[in-house]
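The values are calculated or read from the model by the stated rules, or taken from the named source; none is laboratory data. What you see is a predicted model, and the numbers here were worked out from it, not measured in a lab. Please note: Cβ atoms are built from the backbone with ideal geometry, for glycine as well, and neighbour counts cover all protein chains shown. We work out accessible area using only protein heavy atoms, side chains counted, and drop any ligands, DNA or RNA first. Shrake-Rupley method; radii C 1.70, N 1.55, O 1.52, S 1.80 Å.
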Amino acid sequence: MSEQEVKNLEALFQARIDRDEKIEPKEWMPEKYRQTHIRQISQHAHSEIVGMLPEANWITRAPSLRRKVALLAKIQDEGGHGLYLYSAAETLGISREEMYEQLHSGKAKYSSIFNYPTITWADMGAVGWLVDGAAIMNQVALMGTSYGPYARAMVRICKEESFHQRQGYEILLTLCNGTPEQKAMAQDALNRWWWPSLMMFGPKDEESPNTEQSVKWKLKRKTNDELRQQFVDQTVPQANILGLTIPDDKLKWNEERKHYDFGEIDWDEFWQVVKGHGKCNKQRLEARKSAWENGTWVRDAAVAYAEKQANKEEKKAI
Ligand code: FAQ
């Protein structure tokens, strides 16, 4: 194809996006569009399955059967979200093995938030309320993303995430209405999870190399800073209901902007965690790698079974 022909196709492609048409797997797309979607969708998928690990720590320690059942269901949902997302990424021509390899080798990222430890039961509340809350904020916008399979996966994921967010909030509400020690535990969890939750939205817009193009392609419907602000505005009143204090002395309603102003994020901490130097990066990657290795026999058995079934079908056909 000549350079001019590619340019014409790109212009037609952008016009489709501007008309809010969905792009489907077998249709022509610029190579960069394909690559950037593989990057974001697979990293999103990795975040879901790595995100199961901090909560798994509490399955055996949940304070009641009811709490254990809800936590188990939430973690299973996250595994499911990973599967929808890996499937969506596969439609762009990358195999699941390649994506896992990128995760295990450290080439692909996953959300920084999952490199923090979950040290008390209140952390299960904070993860649901803040981490799922931040994830939904981002994912509701992604329901309108231009790539069809990603947008459709988001619809179901958002419904489930909203249950996750509520169950987390309810854990904290219970603790905040409990003993002074329980309330202190909830406050301590908020103190530790607040800033890392704000980091989930990614670097500031002016330092985000991917935002401009991704907004143009409607992969991103809102920028990192827009979503972060929306999250702060939504979450402050929820903290007030809990009677908890957000650990930011610069947090203040700005009547002119009709938004909360908030303090500066520690970007050095963010990049340290992204680069692999957070408290749990090593532990999380080792858990994923050993799950992959320990699952080899299951994958081998599944392939052997599928081959056996295919042979049977073939014999029947003869
Ligand atoms: N952590 O240019 P940008 C969940 C990287 S799901 C690590 O702004 P982009 C469910 C970024 O990849 C949570 N790395 O990048 C759950 C890029 O590096 P690259 C995950 C980060 O893609 C809840 C570089 O920095 N959600 O929580 C982070 O335009 C509870 C420059 O950044 C999604 O993945 C970070 N926080 O915007 C599960 C949503 N931020 O790839 C269990 C989909 C940025 O060029 C329990 N993803 N980086 O090497 C997105 O919306 C976007 O990818 C952003 C980043 C907004 C995350």
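Of all residues being aliphatic (A, V, I, L, M) and more than 8 Å from the ligand (Cβ to nearest atom) in region 125-140, which is nearest to the chain's Cα centre (by Cα)? Just the residue, please.
Kept after step one, since they are aliphatic (A, V, I, L, M), are these residues of region 125-140: 126-127, 130-131, 134-137, 140.
Narrowing the set further to residues that are more than 8 Å from the ligand (Cβ to nearest atom) leaves 126, 130, 136-137, 140.
Values: ALA126: 16, LEU130: 12, ILE136: 9, MET137: 11, VAL140: 12 Å.
Only one residue fits best here, namely ILE136.
Name the residue, out of VAL127, VAL131, VAL140, that is open to solvent by 30 Å² or more (accessible area, probe 1.4 Å), in a helix (DSSP H, G or I) and aliphatic (A, V, I, L, M).
Every option except VAL140 fails the conditions.
In contact with a Leu (Cβ under 8 Å, 6 or more places away or on another chain), small (Gly, Ala, Ser) and over 23 Å from GLU55 (Cβ atoms): is that true of GLY263 in this structure?
So GLY263 fits the description; yes.
Given the conditions (1) on the phi < 0 side of the Ramachandran plot; (2) crowded, with 18+ Cβ neighbours inside 10 Å, report the number of the one that TRP253 does not fulfil.
(2)
Report, by residue number, each residue of region 14-53 that is in a helix (DSSP H, G or I) and either touching a Ser or Thr at 6+ places or on another chain (Cβ under 6 Å) or on the phi > 0 side of the Ramachandran plot (or both).
Within region 14-53, ILE17, SER47 qualify.
Out of region 56-101, which residues are among the basic types (Lys, Arg) and either out of contact with any His (no Cβ under 7 Å at 6 or more places or on another chain) or open to solvent by 30 Å² or more (accessible area, probe 1.4 Å) (or both)?
ARG61, ARG66, ARG67, LYS68, ARG96, listed by residue number.
Residues that are in contact (Cβ under 8 Å) with a residue 12 or more places away in the chain and under 19 Å from the mean Cα position of the chain (by Cα): list the helices (runs of 4 or more DSSP H) wholly contained in region 203-318 that include at least 3 such residues.
Working: elements: 211-216, 224-242, 267-272, 281-294, 296-317.
Hits in region 203-318: 224-242, 281-294.
Please verify whether region 38-55 includes one or more residues that are more than 10 Å from the ligand (Cβ to nearest atom) and either under 30 Å from TRP217 (Cβ atoms) or open to solvent by less than 10 Å² (accessible area, probe 1.4 Å) (or both). Lay out the reasoning, then the answer.
In the first step, residues of region 38-55 are kept if they are more than 10 Å from the ligand (Cβ to nearest atom); the result is 38.
Narrowing the set further to residues that are either under 30 Å from TRP217 (Cβ atoms) or open to solvent by less than 10 Å² (accessible area, probe 1.4 Å) (or both) leaves 38.
Checked region 38-55: at least one residue is more than 10 Å from the ligand (Cβ to nearest atom) and either under 30 Å from TRP217 (Cβ atoms) or open to solvent by less than 10 Å² (accessible area, probe 1.4 Å) (or both).
Listed here are the residues, each with its yes/no results for (1) more than 12 Å from the ligand (Cβ to nearest atom); (2) open to solvent by 70 Å² or more (accessible area, probe 1.4 Å).
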{"position": "LYS159", "(1), (2)": "yes, yes"}
{"position": "GLN165", "(1), (2)": "no, no"}
{"position": "THR179", "(1), (2)": "yes, no"}
{"position": "MET200", "(1), (2)": "no, no"}
{"position": "PRO203", "(1), (2)": "no, no"}
{"position": "GLU206", "(1), (2)": "no, yes"}
{"position": "GLY243", "(1), (2)": "yes, no"}
{"position": "ASP261", "(1), (2)": "yes, no"}
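Against the conditions (1) open to solvent by 60 Å² or more (accessible area, probe 1.4 Å); (2) away from the ligand (no atom under 16 Å from the Cβ); (3) part of a helix (DSSP H, G or I), where does GLN187 fall short? Just the number, please.
Only one criterion in (1) open to solvent by 60 Å² or more (accessible area, probe 1.4 Å); (2) away from the ligand (no atom under 16 Å from the Cβ); (3) part of a helix (DSSP H, G or I) is unmet by GLN187, namely (1).
Considering each of ALA45, ALA62, ALA56 in turn, give the residue that is touching a residue at least 12 places away in the same chain (Cβ under 8 Å), small (Gly, Ala, Ser) and touching a Lys or Arg at 6+ places or on another chain (Cβ under 8 Å).
Matching residue, one of ALA45, ALA62, ALA56: ALA62.
Taking the condition of being aromatic (Phe, Trp, Tyr) and within 22 Å of ALA89 (Cβ to Cβ), how many residues in region 136-185 meet it?
2
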